[in-house]
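This report refers to the structure that appears directly beneath it.
Derivation of every value follows stated rules applied to the coordinates shown; laboratory data play no part. Everything quoted here is computed from the prediction, not taken from an experiment. Note that each Cβ is placed from the backbone with ideal geometry, even for glycine, and that neighbours are counted across all protein chains shown.
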Amino acid sequence: MEPKKMKRPDTDIAVVGAGVVGLCCAIALQRAGYRVVLIDRDGVGEGCSKGNAGHFATEQVLPLATPGLLGKIPGMLLDPLGPVSIRWSYLHRIAPWLIRFMLNTRQRPFAAGAQALQSLNQGALAAWQRLLEEVDATDMLRVEGSLLVFEQQQTLQGYQPTLAQLRQHGVQAQLLSGDQVRELEPQLAGRIEHGVLFPETGHTANPYRLCQRLASYFRQLGGQFLQQEVQAVQLTDQGCRLRLADGDWQLPQLLLTTGAWSKPFVQQLTGRSLPLDTERGYHLMLPAAADQLRIPVTSAERCFIMTPMEEGLRLAGTVEFGGLHKPANMKRAEMLLLHARALLPTVDERPGERWMGFRPSLPDSLPVIDRAGPRGQVLLAFGHQHLGLTQAALTAELVLALQQQKAPAVDLSPFRLGRFS
Ligand SMILES: Cc1cc2nc3c(=O)[nH]c(=O)nc-3n(C[C@H](O)[C@H](O)[C@H](O)COP(=O)(O)OP(=O)(O)OC[C@H]3O[C@@H](n4cnc5c(N)ncnc54)[C@H](O)[C@@H]3O)c2cc1C
């Protein structure tokens with residue numbers, strides 16, 4: 001990389017990527033006394049963190065690659081309303097990722113992955129509560145639980161081993177009858193036969209506004225925000241170099257929180273080709289239906305979630321493999337309405353915003369939280385797949401521990417970058 005011009009801003013660390021993970025990390029570092037510049041090409045919280053389902057899903061301690069999944073995939077792909085789809089022109093690109101993913105359905109990696117996810121999720125809510133107290137934004141998190149609902153007895157039977165595993169991992173879960181489910185959420189349809197209440201989970205009524213609140217606190221602490229694209233990164237003797245549109249920056253340290261876009265940067269910094277891809281997900285807003293539910297409700301059969309939000313009821317979910325560049329297929333968002341209609345018979349169906357976001361996903365369902373570079377001048381925190389909102393505040397505490405070379409509260413060995421070599 002040939003420098004056009006070198007700047008030496010008054011900065012200790014550049015955090016690249018102002019999604020929920022980058023924002024939490026930028027606050028933790030700035031508060032600890034580092035001078036932080038947070039950089040994002042699109043603004044604050046405009047990536048995957050903008051339109052997620054707002055669910056602090058601490059109960060999701062099992063990796064997505066579950067034993068027995070292989071047999072279910074063809075049926076999922078053939079169902080036009082199904083939760084998983086592949087853009088066929090992307091198949092050759094995603095195939096190596098899928099092979100690695102399927103290898104993770106073996107018992108041993110599955111068990112190790114569950115252990116690792118539990119180690120993050122068990123402290124995730126408490127970390128958010130600490131952060132939001134400090135930010136004076138405790139209103140952005142409601143710990144009122146969430147429901148998983150079942151329309152068929154058979155699905156519940158199939159779910160029992162999973163429930164037992166969740167409980168073994170310390171997840172609180174209460175099995176409910178259909179009537180008990182409707183006592184909690186009266187608008188839910190009579191076709192729901194059972195539910196599981198996860199009382200120790202939470203939701204936010206606006207994940208985008210949560211990002212904005214975090215950003216203003218970061219600025220209040222003296223942090224700087226810069227809206228620019230980082231074009232390339234490089235290790236140097238003094239630290240790192242960032243290529244921006246108007247020149248190069250030389251900085252002592254860099255934290256990569258670029259979510260699904262992290263792969264080329266990791267390659268430039270370490271020479272590693274990481275199996276990072278994206279599970280594209282969609283949401284559809286029903287602006288006049290926020291009052292239908294009190295807490296997030298996930299359907300076990302239909303594999304999507306409905307979360308009551310400030311701007312309406314958010315229907316969210318689905319996984320689409322199609323990479324970072326293919327246009328969104330908003331039919332994936334619109335189909336969620338058919339599912340919502342079945343579960344909420346009186347729902348006001350007038351649709352609002354349709355949205356697609358890029359979940360940053362590694363094939364073992366675990367993020368990378370690590371340090372790299374000969375002098376440890378690069379910090380890494382990305383790949384939080386379906387759980388980036390849930391795990392962001394804890395990730396920030398762990399990143400700070402790495403930066404300060406203190407013992408982290410969680411064993412970080414499952415989250416090392418080197419696990420894929
Ligand atoms: C439909 C859907 C529902 C979801 N629901 C939930 C949920 O309920 N609970 C949960 O915990 N998680 C959920 N998730 C996942 C969660 O949203 C993500 O894991 C999380 O947002 C990832 O955050 P991030 O900060 O790592 O990435 P992002 O929010 O994507 O941020 C990365 C940032 O990096 C910036 N960037 C990238 N490249 C560059 C560059 N070259 N220069 C400058 N900036 C750059 C981007 O502009 C972006 O703002 C959901 C995801 C989807 C799609």
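For this structure, a couple of remarks:
- Other residues within the sphere of radius under 12 Å centred on the Cβ of L98, judged by their own Cβ, net out at 0 (K and R +1, D and E -1).
- Exposure proxy order (Cβ contacts within 10 Å, fewest to most) of R100, R314: R100, R314
- Peptide ranges 62-75, 242-255, 377-390 listed from the most packed, as the mean C-beta count within 10 angstrom indicates: 377-390, 242-255, 62-75
- The fraction of all Cα pairs in region 1-93 landing in successive 10 Å bins from 0 to the largest distance is 12, 24, 28, 20, 13, 4, given as whole percents.
- Between the residues A127, G82, T138, the greatest Cα displacement towards the positive end of the dipole of region 82-150, with unit charges on the Cβ of Lys, Arg, Asp and Glu, is found for G82.
- Taking 4 °C and 1.567 mPa s as conditions, region 141-285 diffuses translationally at an estimated 64 µm²/s according to Stokes-Einstein applied to its Kirkwood radius (Cα pairs).
- Packing rank of 180-191, 14-25, where each peptide gets the mean count of other beta carbons within 10 Å, highest leading: 14-25, 180-191
- Taken about its Cα centre, the chain carries a charge dipole of about 1340 debye when Lys and Arg each add +1 at the Cβ and Asp and Glu each add -1 at the Cβ.
- Share of alpha-carbon pairs per 10 Å distance bin for region 287-380, given as whole %: 13, 37, 25, 15, 8, 2
- Computed from the Cα positions only, the extents of the chain along the three principal axes stand at 65, 44, 40 Å, in decreasing order.
- Placing one equal scatterer on every Cα of region 248-303 and applying the Debye formula, the log10 ratio I(q)/I(0) at q = 0.12, 0.24 Å⁻¹ is -0.59, -1.09.
- Each of S421, S273, S49, S262 was scored by other Cβ atoms within 10 Å of its Cβ. Listed from fewest to most, they are S421, S273, S262, S49.
- Only DSSP H runs of four or more residues enter the estimate; each adds -39500 (n - 2.57), and after division by the residues of the chain the mean residue ellipticity at 222 nm equals -9500 deg cm²/dmol.
- Pairs of lysines in the chain whose Cα atoms sit within less than 27 Å of one another amount to 9, provided the residues are eight or more positions apart or on different chains.
- Estimated translational D of region 1-157 in µm²/s (Stokes, Kirkwood radius over Cα pairs; 25 °C; 0.890 mPa s): 123 µm²/s
- Remark on T236: its backbone amide H falls under 5 Å from those of R241, a criterion applied only to residues 5 or more positions apart or on other chains, H modelled at 1.01 Å from N.
- In region 153-293, Cα pairs under 8 Å separated by at least six residues give a relative contact order of 13 percent.
- Hydrodynamic radius by Kirkwood, which averages 1/r over all alpha carbon pairs of region 380-421, in angstrom: 11.1 Å
- Kirkwood analysis of the Cα pair distances in region 174-260 returns a hydrodynamic radius of 18.0 Å.
- For the chain: relative contact order, % (alpha-carbon pairs under 8 angstrom, 6 or more apart): 25 percent
- Averaging the Cα positions of each part gives two centres, and for region 394-421 and region 198-260 these lie 18 Å apart.
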